[in-house]
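The block underneath contains the structure these notes are about, expressed in structure tokens.
Laboratory data are not the source of any read-out in this text; all were calculated from the coordinates shown. Worth saying up front: this structure is predicted, and the values here are computed from it rather than measured. Cβ: placed from backbone, ideal geometry, glycine included. Neighbour counts: every protein chain shown.
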């Protein structure tokens, strides 16, 4: 396993860094929050990402993709974390795009994936029905009524659901299997309402009451459990990379503050106790980076055993959750009172870190998942 980016990944890293620094610094996310933009991101910034090819990175050339490979998302999400960049890249492209690739018919792929890449179509995955991530606990139902499918249920939290063109809804079929259904946002009986989380991004609850769909709205005909798990693992790896980027940025801000804050006639960074704490954080970040690299490498090996993929992805999400928790806590404490003020960026990073830690499985979830896949 390589612990550094390849030359191609490094080029993506540098391009993303320069773009986000110029077009989407932390101030942009602050403005999106203050102006209460429902989409949760700046549409012009998102269009810039599309023009740079971010949405096409992992798709095949047959669908107008760049066929770079899933590993191209690692530097992109790391830089999104470093700049607190908000976009539907995770929800629409990584999660829904992966499901499209695995489950859609060839005709659906030819029609929908190019629209996903161009931004003409924006999707959101409607999965979560609980306050905690529980992908196996699906109570939303899809029943056949003549030539139609009828969906009923409630999704507690759907990221980037507001202003999406459609939702990919995970629902249980009458035979007990899990299916995936494309529900247009204007469907009768579907109600999407905003939910306020501390990161001030686009989150919503979705209620489905007798939503009628054509049978063609179902993606794939068999049980989608394996395809859904693969898509979620890709999302977890991207979130781990984002957490790593955020944690490294907060660490850098904290070290800089230790160098400049003077107390008792000396920079507080000269105090040995603070040096030891900073050194432990640095070690945590290096370990977290190695797990992220391992997770992305695992997801690019189609022949890898599924239990090993699960372990490596869960290890990355767990370790980055833990590292980001420690770095953000120490960053706030070492900054003192200004660390929790709204004018200072550390607090904004803390809020996004807390939401990202819980998304697609918190630390307890991934510890248990790792243990469940040992010796398999």
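Points to keep in mind about this one:
- The computed Rg/Rh (Cα atoms, Kirkwood Rh) for the structure shown corresponds, within (i) 1.05; (ii) 0.98; (iii) 0.94, to (ii).
- Among 287, 162, 239, residue whose mean-square fluctuation peaks in a GNM of the chain (springs only between Cα atoms under 10 Å): 287
- Spin-label pair residue 111-residue 141: with each label point 7 Å from Cα along the Cα-Cβ axis, the two points sit 2.9 nm from one another.
- Euclidean distance between Cα centres, region 87-139 to region 36-59, Å: 15 Å
- Three-way shape label, region 129-176, alpha-carbon gyration tensor, a/c 1.5: oblate
- Sorted largest first, the spans of the alpha carbon positions of region 225-372 along the three principal axes are 60, 28, 23 Å.
- Length released on extending from residue 36 to residue 270, taking residue separation times 0.36 nm less the Cα-Cα span: 80.0 nm
- Computed E for residue 118/residue 262 - FRET, C-beta separation, R0 35 angstrom, nearest 0.05: 0.10
- Fraction in percent of alpha-carbon pairs per bin - 10 Å, region 1-77: 17, 42, 30, 10, 0
- Radius, Kirkwood style, for region 1-159 when every pair of distinct Cα atoms is counted (Å): 17.5 Å
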